[in-house]
Amino acid sequence: MEVTGNPRPGVLLIGNFLVGGSGTRGVGQDLAIALRRAGWSVVTSSSCRGRVTRLLDFLSAVWRYRSQYTVAHVDVYSGLAFVWAELICWALRRLNRPYILTLRGGNLPVFARNTGNRVSRLIQSATIVTTPSAYLYEQMRPYRQEMVLLPNPLDLSRYSFNHRTHPTPTLVWLRAFHDIYNPTLSVRVVANLVKEFPDVCLIMVGPDKGDGSLQATMRLVEKLGITQRVTWTGPVSKEEVPQMLHKGDILLNTPRVDNTPVSVLEAMASGLCIVSTNVGGIPYLLEHERDALLVPDNDEMAMANAVRRFLTEEGLAERLSRNARRKAEPCDWSTILPRWEKMFIDIGSNPT
């Protein structure tokens, strides 16, 4: 639990605030930092890792710090995390605290269809509902017509633009090692390209989520005989991400399920050539042949061919690299933070 006091109206942010060895920093953490810098009083939860202690910390924050916030914000995912959101919002209603919900996670539409009216009931209870992706905005409107499309923000000043006009076969994979992100696909792509591009290599960046995906990827690397071509960095801090991205020229985004990944926005801002599976919210974020190349889910041949195009097709990398940066520019904090501040101020001054 972290509390910062200052003269601005108080805000409670409920979401992923894990710190330390995870190597990741959630969007909620970035929002907390931006609000504090702007002079707001912010309470955050939770940095606990265990499921039970995490839920207890969420509910504790709602009650114990009720005098320090006037409005709350809750991230909403599918699965068990949705149950947590239901309980948190129940506690907020008991205290008559208004709240904003942000819908996240590419699997939320499927979850909503399989859980009766629970999703509709929860999002109807919020004062405002936001979502960072056009995909979720479209898919979730049957449950609530009035929503706010508010992209995940970046501090663009941290992401220097390197215009890739003639990319090298140095590939970057930047996600967590978990089955839904399908890390083995990137390894299979490298194996497919080795004969044609002897210098091809892959930098894999991200934390281990503990489902065995990291170990399976390592075993596949050995089986395919490409051990010398794959570099494992483990988790890196948010501050290190721009540097890691600039170690390569082509981003492989391999998920089976996705929404609006910040890692892809970071790559766009940095000017990488992007090859991504065409799943979930990805086609709402990236446009095929304009700012990225999109391929079917789990299709190593299609993804390898997309990489091949970037390496051999004159003008393709130059055009898509430039367009990706342009698309990322409206997501700068200078544009997004004032919209968050206005929502908090409007709700805080008119809580009913």
The chain accessible area per residue, 1.4 Å probe, protein heavy atoms, integer Å², reads 43
Under the Karplus relation with 6.51, -1.76 and 1.60 and θ = phi - 60°, whole-Hz ³J(HN,Hα) for the range 89-96, x at Gly and Pro, equal 5, 4, 5, 5, 5, 4, 9, 6
The distance between the Cα centres of the range 265-294 and the range 56-90, in whole Å, is 33
Counting sequence-distant residues (5 or more places) and residues on other chains, those with an amide H built under 5 Å from that of A72 are L12, Y99, I100
For K209, counting only lysines whose alpha-carbon sits under 19 Å away and dropping same-chain residues fewer than eight positions off, the answer is K238
HN-Hα couplings for the range 9-15 via Karplus (6.51, -1.76, 1.60; θ = phi - 60°), in whole Hz with x for Gly/Pro, come out as x, x, 10, 9, 10, 10, x
Residues meeting the amide H criterion for E287 (H placed from the backbone, H to H distance under 5 Å, 5 or more places apart or on another chain) are A292
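Determine the share of the chain's accessible area contributed by carbon and sulfur atoms, expressed in whole percent, with a 1.4 angstrom probe.
On the way: 7680 of 15050 Å².
After summing per-atom areas, the C and S share lands at 51 percent.
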Sequence order, the range 30-45: Karplus ³J(HN,Hα) from phi using 6.51 cos²θ - 1.76 cosθ + 1.60, θ = phi - 60°, Hz rounded, Gly and Pro as x, gives 5, 5, 4, 4, 5, 5, 4, 4, 8, x, 8, 8, 10, 10, 10, 7
Note on the range 181-258: alpha-carbon gyration tensor, axes a ≥ b ≥ c; rule is a/c under 1.5 for rounded, else prolate if a/b larger than b/c, else oblate; result oblate
Spelling it out for D297: with amide H atoms placed in the peptide plane at 1.01 Å from N, the residues 5 or more places away or on another chain with amide H under 5 Å from its amide H are N278
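The values are calculated or read from the model by the stated rules, or taken from the named source; none is laboratory data. None of the values given here were measured: they were computed from a predicted structure. These accessible areas exclude ligands, DNA and RNA; they are computed on the full protein's heavy atoms, side chains included. Shrake-Rupley method; radii C 1.70, N 1.55, O 1.52, S 1.80 Å.
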